[in-house]
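Below you'll find the structure, written out as structure tokens, and then a few comments.
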Amino acid sequence: MSLRDVISPFHAWKRALEKPFTIDKPVERAGAPRYRGFHVNDLERCIGCGTCEAICQNEAIDMVPDPGAVPAPGDSGLRPRVDYGRCCWCALCVDVCPTGCLGMASEFNWITVDGGDWRYVPGVEPKPWDADERGYRRADGAWLLDPVRTAMPMLEPAARSRTFDEMTLGYDGDLAREEATRCIECGLCVEACPAHMDVPQYIRAIREGRLEEALELLYDTNPFSESCGRVCTARCEEACALGRGGEPIAIRWLKRFITDRTLGVRDDVIRPARTRPGTGTRVAVVGGGPSGLTAAFYLRQLGHAVTVFEMNERLGGMLRYGIPAYRLPDDVLDREIDVILAAGVEVRTGVAVGDEPTLTGLRGDFDAVYVAIGAWQGSRMPIEGLDETGVHIGIEFLDRIAAGERPDLGRSVAVVGGGNTAMDCCRSAVRLGAGEVRILYRRTELEMPAAREEIEEAREEGVEMDFLVTPVGIERADGRLRITCLGMELGEPDASGRRRPVPV
């Protein structure tokens with residue numbers, strides 16, 4: 001033992017009774033341009049995903065409600081509160097922030113006599129350095145997370161445009177795990193999903209190789225997960241935090257991966273012990289589409305006797321009769337319906353409720369009636385010429401395709417509209433052999449309600465697009481159809497939030 005080891009304890013006790021002192025104000029010294037000082041938060045960009053809280057190794061960040069924030073799809077309404085008794089200024093929270101809203105000012109001097117001041121919500125509780133443009137920020141393109149999603153294998157445009165065979169091939173195990181590792185489990189997707197599926201948990205199950213458990217999670221809220229893994233409108237991906245600065249997690253494709261890889265065990269995983277004892281309650285479901293069959297599946301699991309009445313000869317509704325096979329093959333839909341029927345659901349096809357039986361009659365025969373008749377009426381434009389030969393209504397046209405018809409559309413086809421139905425129609429026309437297929441849309445591409453990937457894939461398949469035009473008449477001349485259009489410009493936003501097209 002050295003002399004210092006012996007004397008040091010006594011030296012410390014000598015100072016024990018001395019009056020402590022503090023420095024009234026540190027020496028003024030500006031931090032370097034990239035100095036890691038106190039936190040700032042750009043509330044216009046913050047979505048409350050909680051990634052900063054999750055990565056903090058010192059548990060110095062808590063997500064708390066912001067009274068001024070309105071929770072919405074893609075925004076939790078929470079904001080990070082930093083505890084400087086725990087913070088070590090490592091800046092991992094800044095580096096991982098998917099929106100780039102969180103930063104650190106260069107200011108590092110702060111005097112306060114209130115210990116509670118050292119825990120505050122940047123941006124919400126004003127501080128002198130809020131407007132400090134200096135300090136540490138995540139550099140553009142520098143992510144701790146991979147901003148680019150894993151590509152989906154699919155048929156090349158030249159090959160897929162000649163067939164109605166399924167165009168997407170699905171992830172293999174390596175690709176699925178690669179994509180699943182991008183998920184930060186913020187949960188913003190759950191609120192955005194109409195079915196509130198537990199997305200973070202089933203993606204984690206993919207990472208950890210627990211696919212049977214992942215399948216059970218899917219069936220807890222959605223018996224059409226195999227179909228949704230192909231054609232869902234993916235509101236969850238619109239809310240994904242990574243989509244604010246990069247590409248959102250491919251949630252839909254990961255859902256498909258689970259169902260693709262559990263085909264051999266689906267019956268064993270889903271059917272046993274999922275149906276409660278009979279309650280004696282009888283429920284009629286009018287409509288055998290996705291809504292009606294979903295209701296039937298969960299009502300049956302609760303122990304109720306369920307009978308589905310469907311006007312068509314086959315179940316599936318618009319999933320079967322409104323979506324082309326290259327996006328949703330029949331055998332995929334059949335597999336999911338088989339699981340629902342195996343739960344003990346009774347079905348009567350070819351029965352149009354309203355004639356016989358009547359809705360009133362069903363209400364007398366059953367304890368409850370669930371009406372899920374869908375949206376089968378196509379949109380008709382208020383213009384002359386819709387009754388000309390060769391003019392088709394979108395939904396009716398897709399219905400014929402689903403029934404196996406392959407009508408001869410001629411050499412050139414114009415499709416009016418910018419939604420997913422329009423994309424299905426124009427891409428089906430390509431597959432039917434039309435040499436020229438053109439979209440006519442009254443707004444710009446930015447306002448098109450169709451999924452971005454649908455628009456891009458249609459272009460890859462040769463579809464041309466004309467914007468800011470709207471048809472005002474159709475006539476037949478010299479054996480061909482002629483469409484007269486008005487040019488448009490965008491005015492003020494309408495009820496949909498999109499700028500209203502105005503004729504010019």
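The values are calculated or read from the model by the stated rules, or taken from the named source; none is laboratory data. None of the values given here were measured: they were computed from a predicted structure. Positions of Cβ are backbone-derived with ideal geometry, glycine not excepted, and every protein chain shown enters the neighbour counts. Side chains are part of the model used for accessible areas, which takes the heavy atoms of the whole protein and leaves out ligands, DNA and RNA. Shrake-Rupley method; radii C 1.70, N 1.55, O 1.52, S 1.80 Å.
Just to be sure before I move on: is residue 408 part of a loop (DSSP other than H, G, I, E, B) and charged (D, E, K, R) in the structure I sent? Judged against the criteria, residue 408 is a match.
Which members of the range 258-294 meet the condition of being of a type in the set (Gly, Ala, Ser) and surrounded by fewer than 19 Cβ atoms within 10 Å (Cβ to Cβ)? Of everything in the range 258-294, those that are of a type in the set (Gly, Ala, Ser) and surrounded by fewer than 19 Cβ atoms within 10 Å (Cβ to Cβ) turn out to be 264, 273, 278, 280, 291.
In the range 372-399, how many residues are open to solvent by less than 80 Å² (accessible area, probe 1.4 Å) and either closer than 29 Å to residue 334 by Cβ or not in a loop (DSSP other than H, G, I, E, B) (or both)?
First, pick out the residues of the range 372-399 that are open to solvent by less than 80 Å² (accessible area, probe 1.4 Å): 372, 374-376, 378, 381, 383, 385-386, 388, 390-391, 393-395, 397-399.
Subset that is either closer than 29 Å to residue 334 by Cβ or not in a loop (DSSP other than H, G, I, E, B) (or both): 372, 374-376, 378, 393-395, 397-399.
Number of matching residues: 11.
When the range 325-344 is limited to residues that are in a loop (DSSP other than H, G, I, E, B) and over 26 Å from residue 233 (Cβ atoms), the one that is nearest to the chain's Cα centre (by Cα) turns out to be 343.
Please specify each residue of the range 69-111 satisfying the condition of being of a type in the set (Val, Ile, Thr), part of a loop (DSSP other than H, G, I, E, B) and either touching a residue at least 24 places away in the same chain (Cβ under 8 Å) or open to solvent by less than 10 Å² (accessible area, probe 1.4 Å) (or both). First the steps, then the outcome.
Of the range 69-111, the ones of a type in the set (Val, Ile, Thr) are 70, 82, 94, 96, 99, 111.
Applying the additional criterion that residues be part of a loop (DSSP other than H, G, I, E, B) yields 70, 99, 111.
Scanning the range 69-111 gives 99, 111.
Please work out which residue is surrounded by the most Cβ atoms within 10 Å (Cβ to Cβ), limiting yourself to the range 159-176 and to residues that are small (Gly, Ala, Ser) and in a loop (DSSP other than H, G, I, E, B). Walk me through it before giving the result.
Of all residues in the range 159-176, those small (Gly, Ala, Ser) come to 159, 161, 170, 173, 176.
Now narrow it down to the ones that are in a loop (DSSP other than H, G, I, E, B): 161, 170.
On the way: 161: 21, 170: 18.
Filtering first and then ranking leaves 161.
For the range 165-179, does any single residue satisfy the condition of being hydroxyl-bearing (Ser, Thr, Tyr) and farther than 21 Å from residue 451 by Cβ? Looking for residues that are hydroxyl-bearing (Ser, Thr, Tyr) and farther than 21 Å from residue 451 by Cβ, one finds none in the range 165-179, hence no.
For the criterion of being open to solvent by less than 30 Å² (accessible area, probe 1.4 Å) and within 23 Å of the chain's Cα centre (by Cα), residue 429 fails.
If I filter the range 433-443 for residues that are open to solvent by 40 Å² or more (accessible area, probe 1.4 Å), modelled with pLDDT of 95 or more, of a type outside the set (Gly, Ala, Ser) and over 28 Å from the mean Cα position of the chain (by Cα), do I get at least one hit? Scanning the range 433-443, I find at least one residue that is open to solvent by 40 Å² or more (accessible area, probe 1.4 Å), modelled with pLDDT of 95 or more, of a type outside the set (Gly, Ala, Ser) and over 28 Å from the mean Cα position of the chain (by Cα), so the answer is yes.
Go through the residues of the range 465-476 one by one and say whether even a single one is in contact (Cβ under 8 Å) with a residue 24 or more places away in the chain, surrounded by 11 or more Cβ atoms within 10 Å (Cβ to Cβ), not in a strand (DSSP E or B) and not β-branched (Val, Ile, Thr). Among the residues of the range 465-476, at least one is in contact (Cβ under 8 Å) with a residue 24 or more places away in the chain, surrounded by 11 or more Cβ atoms within 10 Å (Cβ to Cβ), not in a strand (DSSP E or B) and not β-branched (Val, Ile, Thr), which makes the answer yes. Checked against the criterion of being under 27 Å from residue 235 (Cα atoms), part of a loop (DSSP other than H, G, I, E, B), in contact (Cβ under 8 Å) with a residue 40 or more places away in the chain and of a type in the set (Lys, Arg), the candidates 149, 138, 134 yield just one match: 149. A search for C-beta distances below 7 Å between a residue of the range 38-62 that is within 21 Å of residue 192 (Cα to Cα) and open to solvent by less than 20 Å² (accessible area, probe 1.4 Å) and any residue that is at pLDDT below 95 and among the charged types (D, E, K, R), counting only pairs 6+ apart in sequence or on different chains, returns 47/75; 47/244; 48/75. In the range 188-206, the residue that is farthest from residue 150 (Cα to Cα) out of those that are touching a Gly at 6+ places or on another chain (Cβ under 8 Å) and surrounded by fewer than 22 Cβ atoms within 10 Å (Cβ to Cβ) is 192.
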